[in-house]
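Below is one structure, written out as structure tokens, with a few remarks after it.
The values are calculated or read from the model by the stated rules, or taken from the named source; none is laboratory data. Only a predicted model underlies this, so the values are computations on that prediction, with no experimental measurement involved. Glycine gets a Cβ as well: all are built from the backbone with ideal geometry, and neighbour counts include every protein chain shown.
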Amino acid sequence: MLVGVLFTSAFAFLNRARGSKLFDQTTSTTVARLVSTFFMALLVLLVSVNWPAAAWAWVALFLWAVPEWGKYMGAACGNRIDSTEKGFILSEWVLACVAARDSRVRGLIGTAVRMALAAPCVAGVGFLTGGAVWPASLTPFMAVPYFWLSYFLDSGRSWKYGEYAAGALLGAALWLAIAS
């Protein structure tokens, strides 16, 4: 149990490091992604003792971190949707089918679709370790903290603490995939 809590907490820290460009220690989002996802994969290796699962985690997490984030994440945090900003194509398609007009709700939906891109990582780790793949279905819920926190905090802080919470949820999903 303690290992699971530490694993999840480390993922929370590393996800915030990824989103904050290593706590503003670099100007490169690519470097931040490479470093933080490498350490996330190292955590998977330490817990699973499975090199293929760790390699899969690194590649899948890096690819998860690449496509556009800001348009709908900002809206989930309480900002207006900037129609001129490029959004993730699948989020754009889903939102074209949704009748919701509230910017935050649209941001939540767009971000949930975007967060679901972590599902292949979780499912792959579960499969490669002989664990469970069902925790992959939890990944869209990583969008909820941004939305929920935006009602209590300003957009900057809801984004910051949302990254910690989303990282913890990602870590919990991976822990469940490995330990189940």
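Structure data summary
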item: Among the candidates VAL44, VAL5, VAL98, residue that is assigned to a loop (DSSP other than H, G, I, E, B), of a type in the set (Val, Ile, Thr) and under 24 Å from SER137 (Cα atoms); result: VAL98
item: The lone exception for LEU176 - which of (1) buried (at least 21 other Cβ atoms within 10 Å of the Cβ); (2) in a helix (DSSP H, G or I) it fails; result: (1)
item: When residues of the range 103-116 are limited to those that are over 25 Å from VAL59 (Cβ atoms) and at pLDDT 85 or above, the one surrounded by the most Cβ atoms within 10 Å (Cβ to Cβ); result: GLY107
item: Qualifying residue in the range 129-148 (condition: of a type in the set (Ser, Thr, Tyr) and touching an Asp or Glu at 6+ places or on another chain (Cβ under 9 Å)); result: yes
item: Near pairs, Cβ below 6 angstrom, 6+ apart or cross-chain, from the range 28-44 (of a type in the set (D, E, K, R)) to any residue that is in a helix (DSSP H, G or I) and crowded, with 16+ Cβ neighbours inside 10 Å; result: ARG33/ARG18; ARG33/PHE62; ARG33/ALA65
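To keep it simple, each residue is scored yes or no on (1) β-branched (Val, Ile, Thr); (2) touching a residue at least 60 places away in the same chain (Cβ under 8 Å); (3) loosely packed, with under 15 Cβ neighbours inside 10 Å; (4) in a loop (DSSP other than H, G, I, E, B).
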{"position": "LYS71", "(1), (2), (3), (4)": "no, no, no, no"}
{"position": "GLU85", "(1), (2), (3), (4)": "no, no, yes, yes"}
{"position": "LEU90", "(1), (2), (3), (4)": "no, no, yes, no"}
{"position": "LEU138", "(1), (2), (3), (4)": "no, no, no, no"}
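Residue-by-condition table, conditions (1) of a type in the set (A, V, I, L, M, F, W, C); (2) over 21 Å from ALA32 (Cα atoms); (3) buried (at least 21 other Cβ atoms within 10 Å of the Cβ):
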site: TRP58; (1), (2), (3): yes, no, no
site: ALA76; (1), (2), (3): yes, yes, yes
site: ARG101; (1), (2), (3): no, yes, no
site: ALA118; (1), (2), (3): yes, no, yes
site: GLY124; (1), (2), (3): no, yes, no
site: LEU128; (1), (2), (3): yes, yes, no
site: TYR146; (1), (2), (3): no, no, yes
site: SER155; (1), (2), (3): no, yes, no
site: GLU163; (1), (2), (3): no, no, yes
